[in-house]
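The values are calculated or read from the model by the stated rules, or taken from the named source; none is laboratory data. Here the structure is a predicted model, which means the values were calculated and not measured. Virtual Cβ from ideal backbone geometry, glycine too; neighbours counted across all protein chains shown.
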Amino acid sequence: SEVSKPKRIKALDPNVVNKIAAGEIIVAPMHALKELIENSVDAGSTNIEVLVKDGGLKLLQITDNGHGIDREDLPILCERFTTSKLKDFEDLSSIGTYGFRGEALASISHIAHLTVTTKTAGSSCAWRAHYGEGKLAPAKPGQNAAPKATAGRGGTQITVEDLFYNIPSRRRAFRSSSEEYAKILDVVGRYAVHCAGVGFSCRKHGDSGVSISTPSAASTIDRIRQIHGSAVANELVEFEASDQKLGFRASGLATNANYHVKKTTILLFINHRAVESTAVKRAIEQTYSAFLPKGGHPFIYLDLEIEPRRVDVNVHPTKREVNFLNEDEIIEMVCSEVRSKLAQVDSSRTFLTQT
Ligand code: ADP
Ligand code: MG
């Protein structure tokens, strides 16, 4: 009988590779937005405005008042691995900024239409550039792709249109734009609580009002009040923990034993990046189970800073999962602080009712 011949192995077209890689980093509009917010915060912005259309699939626009981008850098802005934040591999272990490998804008440009308008303090005008597949692209076919001078305020506006336009299967997977908008609000809300000194707003295109609006001068408690309501903001206790040997510092706000809801909310930041951690969540829920009625859950904002060389932020392209050394010990120290704060409030209440 005849044996079939193997098919020849061929290299994929680089644009196909880039598109696949981009789709792994940017799974939903919220992931693009998270990268854009982190870039704006890195740029020293004190005000960040987000505008969303169709759950971010039609339009995702973020306007900041940060330091802007030099016109000379615009041609390579969306190439892969171009960054102003990292030079050597050694830098990876001590990186203080959010971004670290220059992949976000490149990725977005491979799966959406991207427009950047930016003005630095030293430039007399703003510059606008369009991008596709990592490169400068003309606004309309046949036009010149070079950045154009335009009027504009200091800072950067990034406009992402028609996300996943060239990945129809992904595009079809989104059923409800309100679901995607809810995820976008969750991301903006997290950074709005965490980023002291930065004002945030988020608006759905066509709506007259804003969904989120926090002034730059707002305190952390006021930020939580704005986004999560007074019921939470009025029942918060502050906690702090640190240890030199373990190389960490933690602070945060957590609801006391008088407050409980059906679902735990954890706003977790590790080195100023919003992340998720099942280990932290489990430990927090365990801690509260001694104080709350069955089925009751807390709200907690936890700002964790860990010596950069102890953190591995490079485990996955999406950077959502962060690993660090001595995870168990650090979590236990944080939870024990929270526990003692909860106990204090608990006993003072008991004391008050007894007298
Ligand atoms: P990374 O953040 O990892 O460097 P990005 O692709 O997210 O990679 O951004 C590439 C570069 O573009 C950044 O290093 C920064 O110099 C510049 N940049 C991106 N967004 C902004 C912004 N909002 N304001 C100023 N510079 C920006
Ligand atoms: Mg970035």
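Scanning the stretch 255-294 for residues that are of a type in the set (Val, Ile, Thr), more than 18 Å from the chain's Cα centre (by Cα) and assigned to a loop (DSSP other than H, G, I, E, B) turns up just one, Thr264.
Among the strands (runs of 3 or more DSSP E) confined wholly to the stretch 156-254, which include 3 or more residues that are under 19 Å from Ile284 (Cβ atoms)? Let's see the steps before the verdict.
Numbers: elements: 199-204, 212-214, 236-243.
So the answer is 236-243.
Beta carbons closer than 8 Å, at least 6 apart along the sequence or on distinct chains, pair a first residue in the stretch 265-278 that is within 22 Å of Gly296 (Cβ to Cβ) with a second that is basic (Lys, Arg) for Ile266/Lys281; Leu267/Arg190; Glu276/Arg320. Checking each residue in the stretch 232-259 for being polar (S, T, N, Q) and either assigned by TED's automatic domain parsing to the domain that holds Tyr191 or under 20 Å from Val345 (Cα atoms) (or both) picks out Asn234, Ser251, Thr255, Asn256, Asn258.
Can you confirm whether Ile37 is more than 14 Å from ligand 2 (Cβ to nearest atom) and either more than 20 Å from the chain's Cα centre (by Cα) or among the β-branched types (Val, Ile, Thr) (or both)? No.
Return the residues of the stretch 117-155 that are among the aliphatic types (A, V, I, L, M) and outside any loop (DSSP other than H, G, I, E, B); say none if nothing qualifies. If you could, list the steps in order and put the result at the bottom.
Of all residues in the stretch 117-155, those among the aliphatic types (A, V, I, L, M) come to 121, 126, 129, 136-137, 139, 145-146, 149, 151.
Residues satisfying the conditions are Ala126, Ala129, Leu136, Ala137, Ala149.
When the stretch 160-186 is filtered for residues that are farther than 11 Å from Val52 by Cα and either among the β-branched types (Val, Ile, Thr) or not assigned by TED's automatic domain parsing to the domain that holds Ala129 (or both), only Ile167 remains.
Listed here are the residues, each with its yes/no results for (1) outside the structural domain of Gly199 (by TED's automatic domain parsing); (2) free of Cβ contacts under 8 Å to residues at least 12 places away in the same chain; (3) within 17 Å of Arg339 (Cβ to Cβ).
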{"position": "Val261", "(1), (2), (3)": "yes, no, no"}
{"position": "Ser289", "(1), (2), (3)": "yes, yes, yes"}
{"position": "Leu292", "(1), (2), (3)": "yes, no, yes"}
{"position": "Leu302", "(1), (2), (3)": "yes, no, yes"}
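All told, Leu136 falls short of being modelled with pLDDT of 90 or more, within 16 Å of ligand 2 (Cβ to nearest atom) and either in contact with a strand residue (DSSP E or B) (Cβ under 7 Å, 6 or more places away or on another chain) or not assigned by TED's automatic domain parsing to the domain that holds Ile25 (or both). Tyr191 falls short on exactly one of the conditions (1) modelled with pLDDT of 95 or more; (2) surrounded by fewer than 20 Cβ atoms within 10 Å (Cβ to Cβ); (3) out of contact with any Pro (no Cβ under 9 Å at 6 or more places or on another chain); (4) under 23 Å from Pro215 (Cα atoms), and that condition is (2).
Going by the conditions given, is Leu12 away from ligand 1 (no atom under 12 Å from the Cβ) and surrounded by 14 or more Cβ atoms within 10 Å (Cβ to Cβ)? Criteria not met by Leu12.
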